[in-house]
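The values are calculated or read from the model by the stated rules, or taken from the named source; none is laboratory data. Everything quoted here is computed from the prediction, not taken from an experiment. Virtual Cβ from ideal backbone geometry, glycine too; neighbours counted across all protein chains shown.
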C-alpha cells in the first residue's frame, strides 16, 4: 500500500474543470482540502446542502463554498454555484481522498485454492483465503483477511475491505464495495419444527450482488433457500443490516444502518429505508417507497409514499407514561360518551 | 474442500424412501433439484406450506409438489402428500445440498496452541488460531480464520464457519453450527460508575452452548459476569443477535434476526421471538411465549401466549402524524366530556 | 498466553485492603471466588446491589456478601459494608479474573508494514496484519487476526481482542478495550443521488477514540465525512452498536447493545442510552440525558432528563390489537362529543 503524502493544492478552476458549476469569485484561489462551514479554515472548501447548516454560511472561514445560486448572495467568500451542491462536493472531495491504494498482486501469506481465475491486476491482501474455483476480475481488491468461498466470482474493480467473508457460489458484480466484517451467503434462517425439535432446512440458493452496489460494515446477507437473494444494481446498504434469505432489493434503493429485512420480502426500486426499520417476511414493497426510521413494516406497501408505524414521537418519560394511561382511559371515555348520548336523547324526548 | 459436481437425479421413490409421505403420480419421475412453485421448471420439486403461495399451485411447472392431502386435488403434477410439507421438503432438499465438504486435518497455515486435544477427524481451516488447552472433538469443522480461545471445547460434529471468534473457556456442544463473524464470549457490559467515572466489572463466567444449537452470522454472545450465559439444546438464533451476560435461553426457542436480549434475562423453552424484538434486563419469560417483531419486552411474562408492544400498525406518514395528534387531543376530549356530564346533570335536575 | 491455574484463596482482610469497606464478621474467612446470592456456595463472595435480588440475601450460602449498611442486618453471613457495593464488587472480583494474559512480542505469523513504531512491550497476536506507519504504544495488546490500517495509532495499554478491524488513520487512546469483530473507520454512509444514480461521497475524516473507552463486539464506527467521528474519554459501548459518520459522544456516556446513532448527531456527557434506541441524524443531545430502551430519538434534546417514544407498554397481542382499534375510533369519538355539545347547547337555550 502507498499513500498520497503530498498535500496537493488545486485552484478552484482545476477542481471544477468539466463540472456543471460556475465560479463566483477568484478562480485561482488555492484549495488544499475540504471542511465544514462551521469549522472552516483558509484554503479549504465547504458546501451547503442541508438547510440546518445555513446559519453558518455568513461567517464561514472557508476559502470557497459550493451552494445553490439562491444561497450565493449570503456567501461572502468564493462561491461555486451548483444545481446539486452535495453531488458537486462529492466530485471535488475526491481530489483530496487519501485512502490507501492497493497494489496489484497476491500477498505471500494469502492462501489460494485450486482452479481459481485471478486477473493479474487484482490485489489480494495478507492472510486472505480463496477457495477453489474462485474468479476475481481485473482490478479487484481484497483487503487483508478476506475469505472467499469456492465458486464465488467478483466482478471488475470491486473492492472488499479487510475481513469480509463470502461463502461459496456468491456472485458479486462490478465496482461493488463491501466494508469490513460483512458476511455474505450464510445460511438463511430456515428451520422446520417436527415433533418438538427444529430441523435445519438446507439453503440451496446463492446471493447475487449487482453492479455498483455498496455494502457497509458488519452486515449479514443470507443465501437464498431455493432461489437467490438479490441486491440489484446501485443498491446502497449502510452498516449492521440484516438481509434474510430470498430477499430482493430493487435498483438504487438505499437502506440506512441497522435495518432488518425478513426472508422473501421484495423491496422495489428507488426506495429509501430509514435506520433501524424492520420488515416482516414475504412482503412486497412498491418502487419509490420511503420508510421512516425504526418503522415496523408489517404488511405490503403497494403505493409509493412515506410510511411510518407506532404513535407518539419523542417525549419525556413522564409524558410517555401519561400517553399510555390516556390510551387505557379511552374505553372508559367511550362509555361515558355513550351514557351522555342516551341521557341527552331522553331529555330531548321529554322536551319535545 | 471438494464439491459434488455431479448434478445427480433421483426418482421420487428414491427421494421419499423411509419418509412419512405418499406419492400421488409417477414414482419414477426424475428430480434433479428443488424450486419454488412460482419459478418452477421440469425436473424440479417444490413444496406448499405457506398459504400465501397457494395461488401458484395450479399453474406450477414443477415436476412434483410436496403438500398436505387437503391441497392435493388442486395439484396438477406429481404430488408428495405429507402431514408436514415443510419438514418433508427439508429432508428431500438435503439430497441436493452442494455446500462444500470439509476434509479432515489441520491446514498448514493454522496456528495451534499447546496442550490441545484435536481429534484426527477434525478439520481446521487456513489461518485458524487455536489457543492453548483447546479441545476439538471428532468431526469438528472450523472454517478459515476461526479463532478459538484457550480452554474452549467444541463437541462432536460441530461446525464453525469462517471467521468465527470464540473467547477462552467457551463450551460448545455437539452438532452446533455457528455462522461467520459471530463472537462468543466477549465481556458482558458490566460497568460500575464511581465518582463520575465508569469502572470495568470483571466478567468471570463462561458461555455454554447446548447440543444442536444453530447461531447465525455476526451475532454477539457475552460471557457471564459470575454464572454462565447459556443457550440450551436446540436453540436457534438468526443473524445479528445480541445476547447479554448471564442470559439463559431454554430448549428449542428460536430468535429471528436483530433481536437483543439484555443481561440476566431468562427466556423459557419453545419460545418464538420475532425479528428486532428487544428484552430489558433481569426479566423472566415463560415457556411457549411468542413475541411479535420489534416488540419492546419491558417486563417479565409469566403466561404462555402472544405478546406485542406499541400501538398503531403501519400507516402512511400523514396518518401517523394524525394518530399522534389524536393522542395529544385526548386530554382535551376528556375535559369536554366532563363539562358535558356536568351540564347534563344540571339540565336533568331542572327537568325533574 | 498463560493462565492463572492456581485457584488462589484470599482472606476477606486481603481482599478489602485499601478499599473503602468495613468487615462485619470473620476477616480471616477464606474466599476463592465470586458467586451470585442465589447460586452461592461456601468459599465464595456475593454482592447485593439490584433490589430485585434482595429476596435471596437471607438464605444465601455465600461466605460473604458485599452490601449497603442498611441491608447488613438481613445478612446472616460475613458482610462487607460498602457505600457502593457494585463498585466494591468490581474491585474484589478482579482478584479472581483468570482471563488469558498476553506476552510481549510479535507473533511469527503477523504481517508488519513498513515504518511502524511498535513498542517492545506490545503484544501482537497470530495472523495480525499491521499496515505501514502504524504506531503501537507500550503495553498494547492485539489479539489474533487484528487488522490495523496504515497511519493508525494505538495508545498505551490498550487492548484489541481477536479479529478487530481498524481502517487507516484511526486514533485510539490509552487503556482502550475493543472486543472482537468490531470495525472502526469504515466509510460513512455518504451518497449523493444525481440523475437517478447514487454517487459515493468520499469520507475524508478519521475516528478518534478517547482514553478509557470500551467498545463491545461487532460494533461499527464510521470515519467522519470531513471532520472526525469522536468517542470522548470514558465512553462505554456495548455490542452491535452503529455509530454514523461525524458523530460525537461525550465523556462517560454509556450506550447499551444494538443502539444506532445516525450521522452528525452529537450526544452529550454522562448520557445513558438504553438498548436498541435509535437516533436520527444531525441531532444535539444535552449532557445527563437518559433514553429508555428502543426509543426513537427523532429530535434534539436540550434538557437533562429521561426520554421515551412510542405509546403502550408490553401487552398481549389481543390487547395490542384493541389499543390500535381504540386509537382509530378516536376521530369518531371526537365527532360524537361535538354533536353532544351542540345538542346540549340547544337544550340549554330552550330551557332558558
| said: When you check residue B:215 against the structure, is it more than 8 Å from every other protein chain (Cβ to nearest Cβ) and either under 15 Å from residue B:177 (Cα atoms) or in contact with a strand residue (DSSP E or B) (Cβ under 6 Å, 6 or more places away or on another chain) (or both), yes or no? | reply: yes
| field | Count - residues of the range C:153-174 that are within 18 Å of the chain's Cα centre (by Cα) and either closer than 18 Å to residue A:181 by Cβ or at the interface with chain B (Cβ under 10 Å from one of its Cβ atoms) (or both) | value | 4
| query | Hey, any hits in the range A:154-161 for a residue that's assigned to a loop (DSSP other than H, G, I, E, B), free of Cβ contacts under 8 Å to residues at least 40 places away in the same chain and surrounded by fewer than 21 Cβ atoms within 10 Å (Cβ to Cβ)? | reply | yes
| Filter result (farther than 26 Å from residue B:51 by Cβ, crowded, with 17+ Cβ neighbours inside 10 Å and touching a helix residue (DSSP H, G or I) at 6+ places or on another chain (Cβ under 7 Å)) within the range A:280-309 | A:292, A:308
| task | Kindly indicate the residue of the range A:129-144 that is within 13 Å of chain B (Cβ to nearest Cβ) and over 18 Å from residue C:132 (Cα atoms) and also surrounded by the fewest Cβ atoms within 10 Å (Cβ to Cβ) among those meeting that condition. | result | A:132
| task | Restrict the check to the range A:195-204 and report whether at least one residue is over 21 Å from residue B:253 (Cα atoms), in a loop (DSSP other than H, G, I, E, B) and at pLDDT 95 or above. | result | yes
| message | I'm trying to understand the selection: among the residues of the range C:224-258, which are buried (at least 24 other Cβ atoms within 10 Å of the Cβ) and closer than 16 Å to residue C:187 by Cβ? | response | C:224, C:225, C:226, C:229, C:242, C:243, C:244, C:245, C:246, C:247
| For the range C:90-107, how many residues meet the condition of being in contact (Cβ under 8 Å) with a residue 12 or more places away in the chain and either within 23 Å of residue B:166 (Cβ to Cβ) or away from every other protein chain (no Cβ under 11 Å) (or both)? | 11
| request: Answer with yes or no whether residue C:40 is part of a loop (DSSP other than H, G, I, E, B) and buried (at least 19 other Cβ atoms within 10 Å of the Cβ). | output: yes
| said: Need pairs with beta-carbon distance below 6 Å; first residue more than 13 Å from every other protein chain (Cβ to nearest Cβ) and exposed (fewer than 14 other Cβ atoms within 10 Å of the Cβ) and within the range C:51-66, second modelled with pLDDT under 95 and not in a loop (DSSP other than H, G, I, E, B); sequence gap 6+ or separate chains. | reply: C:58/C:74
| the range B:111-128, residues that are in contact (Cβ under 8 Å) with a residue 24 or more places away in the chain and buried (at least 22 other Cβ atoms within 10 Å of the Cβ) | B:125
| If you take the residues of the range A:297-310 that are closer than 18 Å to residue C:328 by Cβ and assigned to a strand (DSSP E or B), which of them is nearest to the other protein chains (Cβ to nearest Cβ)? | A:308
| query | Going through the range C:88-115 one residue at a time, which ones are over 16 Å from residue C:139 (Cβ atoms) and part of a loop (DSSP other than H, G, I, E, B)? | reply | C:97, C:98, C:107, C:108, C:109, C:110, C:113, C:114, C:115
| query | Is the range A:71-83 home to any residue that is modelled with pLDDT under 95 and under 30 Å from the mean Cα position of the chain (by Cα)? | reply | yes
| field | Selection status of residue A:318, outside any strand (DSSP E or B) and more than 7 Å from every other protein chain (Cβ to nearest Cβ) | value | yes
| said: Kindly evaluate residue A:195 against the criterion of being in contact (Cβ under 8 Å) with a residue 12 or more places away in the chain and surrounded by fewer than 22 Cβ atoms within 10 Å (Cβ to Cβ). | reply: no
| task | Just give me the residues in the range A:245-269 being more than 25 Å from residue A:203 (Cβ to Cβ) and within 12 Å of the chain's Cα centre (by Cα), in sequence order. | result | A:252, A:254, A:256, A:257
| query | Can you tell me which residues in the range A:33-43 are within 22 Å of residue C:229 (Cβ to Cβ) and without any contact (Cβ under 8 Å) to a residue 60 or more places away in the chain? | reply | A:35, A:36, A:37, A:38, A:39, A:40, A:41
| remark: Considering the range B:176-194, residues that are outside any strand (DSSP E or B) and either facing chain C (nearest Cβ under 7 Å) or at pLDDT below 95 (or both), and then whichever is farthest from residue B:265 (Cα to Cα), we arrive at B:181
| task | Please enumerate the residues belonging to the range C:259-273 that are in contact with a strand residue (DSSP E or B) (Cβ under 8 Å, 6 or more places away or on another chain) and surrounded by fewer than 24 Cβ atoms within 10 Å (Cβ to Cβ). | result | C:265, C:266, C:268, C:271, C:272
